[in-house]
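*Asks:* Would you mind keeping the following structure in view while I ask a few things?
The values are calculated or read from the model by the stated rules, or taken from the named source; none is laboratory data. Everything numeric here is computed off the predicted structure, so don't read it as measured data. Note: ideal-geometry Cβ built from the backbone for every residue, glycine included; neighbour counts use all protein chains shown. We work out accessible area using only protein heavy atoms, side chains counted, and drop any ligands, DNA or RNA first. Shrake-Rupley method; radii C 1.70, N 1.55, O 1.52, S 1.80 Å.
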Amino acid sequence: MAAPLAKEEAEAGALSPEALVALYRAMARIRVVDERMATLQRAGRVGFYGVCTGQEAACIGSAAALRPSDWVFPALREGAAMLLRGFPLVTYLAQCFGNAGDVGRGRQMPSHQAGRSVNQVSWSSCIGNQLPQAVGAAWAAKLQREDTVVLAYLGDGATSTGDFHTALNFAGVARVPVVFVCQNNQWSISVPFRAQTATATVAEKAAAYGMPGVKVDGNDVEAVYAATAVAVARARRGEGPTLIEAETYRVGAHSSADDPSRYREAAEVERWRAKDPLVRTRARLEAAGLWDATREAALLDELSAEVAAAIHEAEATPPVQAESMFEGVYARLPWHLAEQRSELLSVLGSRAPVPRDD
Amino acid sequence: MATLTLVQAIHDALRTAMRADARVVVLGEDVGRLGGVFRATLGLHEEFGPERVIDTPLAEGGIVGAAIGMALYGLRPVPEIQFADFIYPAFDQIVNELAKLRYRSGGEYPCPVVIRAPYGGGVKGGHYHSQSPEALFIHTAGLKVVVPSTPYDAKGLLLSALRQEDPVLFLEPKRLYRAAKGEVPEGDYTVPLESAAVRREGTDVTVVAWGAMVPEALEAAESAAHAGISCEVVDLRTLWPVDITTLEASARKTGRVVVVHEAARTCGFGAEVAALLQERCFVHLAAPVKRVTGWDTPFPYALEQQYLPLAPRILAGVDETFRFVA
Ligand SMILES: Cc1ncc(C[n+]2csc(CCOP(=O)(O)OP(=O)(O)O)c2C)c(N)n1
Ligand SMILES: [Mg+2]
């Protein structure tokens, strides 16, 4: 469904067999992470969790098209992008436990990972808010003559927000190096895509902002990679933004707080399960002689062991200290927060520690 | 009478209002088939159909803006904002439009929209599922801000809000959605707006609270009683316009006031309560009005129990205020 690729672009979008194996491993890894964390959530060891099950190819395939120096503004389901780009798994998991091992210092709900070390920007739960920010970051790169590309993720629900319109309009006008990847997983909690917009696709909205719109099979990791690589290359050449719609499906619940049986048919989920991106990639690798049952079993053993060990280490990290709550509201601790910190510590019955700025 | 939870009482109020008045429509994200993420609109879609229980696209400015238009045209819309934390995309529509329409049109266009929004912490919701934004809207002339703390009040106040002509922000303490249970009459009744409730009478210290902090204030009052301090607990119910008569009478009686709220302290509604009391009954006050509130930080995830002004902190504030000598 992607527009036919010019030769140069096709080259930009081609994946070597080794690279495809690496993407398969990354997809399998986040699947295992999600399974284990969802189980911990049900057991009450994690307060909340959101999986990206069924959407691994859309996330991994697009993030793989970036250089380490490129930036990511994630939405709800792109934690795997930072893992792919080298973020430590233990630190990633510590975010869900909200403890001292979390770079965000326990301040956000679980599943809100971010990390400056991999240029994945901290995000809020507010749908769509990251999009104008991504445009601004891309604009800054352009103004400073740097060749950074910014990848901004969003869900189909986010296309209804004012910020979506604002961001695409700004990006189109300023021709900034940003690539919008919409993971159209067909649902925004209980609201189906057809109730979110009257257009048949997300991709066609791009026309209104003067940028190319590309719809791609989001469960085909190679197709997602190719479309994103082309858009990233265009952006890097100074030819401006692209809107990519990766058509996929939210196989799981919206989050651990949701019950999808209230609003959708199990048969629909099953139809999409048949298009599972991991199964499809594995079949391709097997057909190319790059994968087999032995390698699969070894990979799953390796990932289970890795994830179990990482969870163990992350969960064992000490909690954040109560007084840390006041740090980082501002670069330096102002008088009123110093007073409030003493007040809290006197209620908790401990002594005020030395102030810390961050 | 049936025993309902607070969220069931809200649901009961919506159903009662919709049965009584065909102009009442509900709109918002996931309010239809799902019945709302907290199930406040459960079954309304089945009973009243998709024209009166509307699943909207994901855009709060659109939800409130459309509700304004519906109200101008004669409907009684009840938009739901899924979490008060997500009300800000609609801030412009609420502050610059909803609150000002009656005034700027010389009274020609009243705009009776009742915006429902779950607010507050204590549910492990982090920055974006825990905020208490009441002060921002109290500061905006033209809005009424209502916060129930019991199932009985939740139903009666919501029905009152739907039967008057001003826009109302109806903030629902999500921490109490299932935790608060109580007897709720079937069918129609109202609890008046702009009227506070004295939840516990006392003579030494007045504790002013609303929403999810009312049970905490009552718990602190109980502990204070064991220590020989008699607390009067005033549940404001309508934050604005506040029931100044009840507030002032209690302050004059005890001479010592503690205000409790989840929102950050600075420019919180507690500051306004303190200012009102010192302006109106300065000589009757035996101690400075004390604020026991959320800290001036964003609402934290891991440390929410240390952030919230729960009973132990309220008790400490009561104790300090009780002991104060000028
Ligand atoms: C501004 C705003 N409104 C409402 C919500 C509540 N909410 C959280 S996720 C969500 C649906 C998001 O759907 P989509 O953008 O398609 O992302 P997906 O969950 O499918 O990945 C909603 C309504 C929110 N987080 N932010
Ligand atoms: Mg979606």
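*Asks:* Just to confirm my filter: which strands (runs of 3 or more DSSP E) fall fully inside segment B:107-183 and include at least 1 residues that are without any contact (Cβ under 8 Å) to a residue 60 or more places away in the chain?
*Replies:* On the way: elements: B:114-119, B:144-146, B:168-173.
In segment B:107-183, B:114-119, B:168-173 are the strands (runs of 3 or more DSSP E) which contain 1 or more residues that are without any contact (Cβ under 8 Å) to a residue 60 or more places away in the chain.
*Asks:* Continuing with this model, one more query. Which one of B:132, B:105 is in contact with an Asp or Glu (Cβ under 9 Å, 6 or more places away or on another chain) and among the polar types (S, T, N, Q)? Steps first, answer last, please.
*Replies:* On the way: B:105 fails: in contact with an Asp or Glu (Cβ under 9 Å, 6 or more places away or on another chain).
Residue meeting the stated conditions: B:132.
*Asks:* Could you say whether any residue in segment A:196-214 is over 20 Å from the mean Cα position of the chain (by Cα), at pLDDT 95 or above, within 14 Å of chain B (Cβ to nearest Cβ) and part of a strand (DSSP E or B)? Spell out how you get there, then give the answer.
*Replies:* Start the filter on segment A:196-214 by keeping residues that are over 20 Å from the mean Cα position of the chain (by Cα), which leaves A:196-201, A:204-213.
Subsequent filtering for residues that are at pLDDT 95 or above retains A:196-201, A:204-213.
Keeping just the survivors that are within 14 Å of chain B (Cβ to nearest Cβ) gives A:196-199, A:205.
Still in the list and also part of a strand (DSSP E or B): none.
Within segment A:196-214, none of the residues are over 20 Å from the mean Cα position of the chain (by Cα), at pLDDT 95 or above, within 14 Å of chain B (Cβ to nearest Cβ) and part of a strand (DSSP E or B).
*Asks:* Which pairs turn up if I take residues in segment B:287-300 that are more than 9 Å from chain A (Cβ to nearest Cβ) and look for partners that are surrounded by fewer than 21 Cβ atoms within 10 Å (Cβ to Cβ) and of a type in the set (Asp, Glu) with beta carbon separation below 9 Å, at least 6 apart in sequence or on another chain?
*Replies:* Note: pairs meeting the criteria are B:287/B:320; B:290/B:320.
*Asks:* While we're here: Restricting to helices (runs of 4 or more DSSP H) lying wholly in segment A:1-111: which have 3 or more residues that are basic (Lys, Arg)?
*Replies:* Details: elements: A:7-12, A:17-42, A:56-63, A:79-84, A:89-97.
Output list reads A:17-42.
*Asks:* What number of residues in segment B:268-317 are assigned to a strand (DSSP E or B) and more than 25 Å from residue A:100 (Cα to Cα)? Steps first, answer last, please.
*Replies:* First, pick out the residues of segment B:268-317 that are assigned to a strand (DSSP E or B): B:290-294.
Still in the list and also more than 25 Å from residue A:100 (Cα to Cα): B:290-293.
Summing the residues that are assigned to a strand (DSSP E or B) and more than 25 Å from residue A:100 (Cα to Cα) in segment B:268-317 gives 4.
*Asks:* Here is a list of conditions, (1) over 27 Å from residue B:88 (Cβ atoms); (2) more than 16 Å from ligand 2 (Cβ to nearest atom); (3) of a type in the set (A, V, I, L, M), and residue A:171 meets all of them except one; can you say which number that is?
*Replies:* Just one mismatch for residue A:171, condition (1).
*Asks:* Another question, then. Only one of (1) part of a helix (DSSP H, G or I); (2) under 15 Å from residue A:205 (Cβ atoms) is not met by residue A:181, so which one is it?
*Replies:* Of everything listed in (1) part of a helix (DSSP H, G or I); (2) under 15 Å from residue A:205 (Cβ atoms), residue A:181 misses just condition (1).
*Asks:* Oh, and also: Return the total of residues in segment A:76-114 being of a type outside the set (Val, Ile, Thr), more than 14 Å from residue A:310 (Cβ to Cβ), within 14 Å of chain B (Cβ to nearest Cβ) and open to solvent by 10 Å² or more (accessible area, probe 1.4 Å).
*Replies:* 10
*Asks:* Okay, next question. Would segment A:178-191 turn up any residue that is more than 19 Å from residue A:228 (Cβ to Cβ), more than 10 Å from chain B (Cβ to nearest Cβ), open to solvent by less than 30 Å² (accessible area, probe 1.4 Å) and touching a His at 6+ places or on another chain (Cβ under 8 Å)?
*Replies:* From segment A:178-191, those more than 19 Å from residue A:228 (Cβ to Cβ) are A:186-191; that's our starting set.
Then drop every residue that is not more than 10 Å from chain B (Cβ to nearest Cβ), which leaves A:186-187.
When the remaining residues are screened for being open to solvent by less than 30 Å² (accessible area, probe 1.4 Å), the result is A:187.
Those left that are additionally touching a His at 6+ places or on another chain (Cβ under 8 Å): A:187.
Checking segment A:178-191: at least one residue is more than 19 Å from residue A:228 (Cβ to Cβ), more than 10 Å from chain B (Cβ to nearest Cβ), open to solvent by less than 30 Å² (accessible area, probe 1.4 Å) and touching a His at 6+ places or on another chain (Cβ under 8 Å).
*Asks:* Would you confirm whether or not segment B:266-279 contains a residue that is open to solvent by 40 Å² or more (accessible area, probe 1.4 Å) and on the phi > 0 side of the Ramachandran plot?
*Replies:* Initial filter on segment B:266-279 (open to solvent by 40 Å² or more (accessible area, probe 1.4 Å)): B:266-267, B:272, B:278-279.
Filter once more, keeping what is on the phi > 0 side of the Ramachandran plot: B:267.
Yes, because at least one residue in segment B:266-279 is open to solvent by 40 Å² or more (accessible area, probe 1.4 Å) and on the phi > 0 side of the Ramachandran plot.
*Asks:* Name, by its number, the condition in (1) open to solvent by 50 Å² or more (accessible area, probe 1.4 Å); (2) touching a residue at least 24 places away in the same chain (Cβ under 8 Å) that does not hold for residue A:258.
*Replies:* Against the list (1) open to solvent by 50 Å² or more (accessible area, probe 1.4 Å); (2) touching a residue at least 24 places away in the same chain (Cβ under 8 Å), residue A:258 comes up short only on (1).
*Asks:* Of the residues that sit in segment B:52-89 and are away from chain A (no Cβ under 14 Å) and either in a loop (DSSP other than H, G, I, E, B) or in contact with a His (Cβ under 8 Å, 6 or more places away or on another chain) (or both), which one is farthest from ligand 1 (Cβ to nearest atom)? Spell out the reasoning first.
*Replies:* First, the residues of segment B:52-89 that are away from chain A (no Cβ under 14 Å): B:52, B:67-79.
Filter once more, so that each one left must be either in a loop (DSSP other than H, G, I, E, B) or in contact with a His (Cβ under 8 Å, 6 or more places away or on another chain) (or both): B:52, B:73-75.
Numbers: B:52: 21, B:73: 25, B:74: 28, B:75: 23 Å.
It comes out as B:74.
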